[in-house]
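Asks: Take a look at the following structure, please.
Rule-based calculations on the coordinates, nothing more; no lab input. Because the structure is a prediction, the values reported are computed rather than measured. No Cβ is skipped: glycine too gets one built from the backbone with ideal geometry, and neighbour counts run over all protein chains shown.
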Amino acid sequence: MTPVQTARLTLRPFTTDADDLAFVFDMYSRMEVQRYLGRNPRVLTDPAEARALVGRWASLEDGALGVRAITTHRGDRLGVLLLKRIPWSADAAAPGKPEDIEIGWHLHPDAWGSGYAAEAAAAVLAEAWAAGIPRIVAVTNPANVASQGVCRRIGMRALGPTDRYYDTTCELFELVAPAAGGARADG
Ligand SMILES: CC(C)(COP(=O)(O)OP(=O)(O)OC[C@H]1O[C@@H](n2cnc3c(N)ncnc32)[C@H](O)[C@@H]1OP(=O)(O)O)[C@@H](O)C(=O)NCCC(=O)NCCS
């Protein structure tokens with residue numbers, strides 16, 4: 001997973017340095033960040049959980065896939081950009097069925113409203129297409145209109161609600177690699 005630069009941002013792997021861990025703990029200990037994440041949102045309460053999370057992220061690295069820190073060029077931390085395999089819901093899984101690849105974004109509230117999530121995501125999409133990933137999905141809590149706005153800003157197509165992933169109902173968005181013919185409507 002190589003570092004990615006945009007006009008305003010640098011994306012790079014997380015480390016277990018104290019400043020990275022402090023940022024991760026600070027961001028995920030806020031319910032305004034966590035409220036739409038997962039089936040049973042809960043905030044981090046122990047810094048050890050941040051270290052464990054960064055460890056899990058490191059294990060997701062595979063070519064273009066991985067979890068990147070979004071920072072300014074100066075190095076100020078703004079959030080997290082995820083490109084990873086998305087877990088099927090129990091009733092959608094089948095032996096050998098390859099997972100879809102999802103993109104996701106979590107910004108510190110201090111960084112909301114500046115277009116950083118969309119800018120970071122667009123750059124990571126370009127990495128994904130260059131790596132030959134044919135299609136990317138995003139899922140959001142149905143109430144998460146801010147995240148749905150990011151999906152639309154980066155050109156993702158809204159396919160409506162789905163129960164296919166994470167054992168819950170999400171709004172599904174998708175984008176097909178430009179070489180594969182652009183957005184598709186077969187969700
Ligand atoms: C989802 C989340 C990343 C959205 O953050 P955001 O700051 O609204 O999204 P963007 O980075 O795309 O910013 C877009 C906003 O910045 C504004 N903006 C300002 N300067 C901009 C620029 N140069 N380029 C683009 N947009 C800009 C846009 O007008 C837009 O504002 P609006 O929503 O009021 O129209 C944020 O709410 C978050 O981290 N939430 C918690 C975690 C979460 O729920 N993640 C999603 C899980 S599915």
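Asks: By DSSP, what percent of the beta bridges with both residues in the chain are antiparallel, rounded to the nearest 5?
Replies: Roughly 95 percent of the beta bridges in the chain run antiparallel, per DSSP.
Asks: How much net charge surrounds TYR165 when only the other residues with a Cβ under 13 Å from the Cβ of TYR165 are counted, with Lys and Arg +1 and Asp and Glu -1?
Replies: -3
Asks: What is the spin-label model distance, in nm, from ARG8 to SER89 if the labels are put 7 Å beyond Cα along the C-beta direction?
Replies: If labels sit at ARG8 and SER89, their model points lie 3.6 nm apart.
Asks: Can you sort GLU49, GLU119 from fewest to most other Cβ atoms within 10 Å of each residue's own Cβ?
Replies: With the sparsest Cβ surroundings first, the list reads GLU49, GLU119.
Asks: Can you give the net charge of the other residues whose Cβ lies under 12 Å from the Cβ of HIS108, counting K and R as +1 and D and E as -1?
Replies: Charge balance near HIS108 sits at -2.
Asks: Tilt of helix 47-59 relative to the longest C-alpha principal axis of the chain, in degrees (0 to 90, nearest 10)?
Replies: Computed tilt is about 40 degrees.
Asks: Kindly provide the helix-only [θ] at 222 nm of the chain, computed as the sum of -39,500 (n - 2.57) over DSSP H runs of four or more divided by all residues, to the nearest 500 deg cm²/dmol?
Replies: Helix-only estimate at 222 nm: -8500 deg cm²/dmol.
Asks: Which angle from 0 to 90°, rounded to the nearest 10, does the C-alpha axis of helix 18-28 make with the longest principal axis of the chain?
Replies: For 18-28 against the chain, the angle is about 60 degrees.
Asks: Enter the angle in degrees (range 0 to 90, nearest 10) between the Cα long axis of helix 116-130 and the first principal axis of the Cα atoms of the chain, meaning the one along which they spread out most.
Replies: With rounding to tens, the tilt is 60 degrees.
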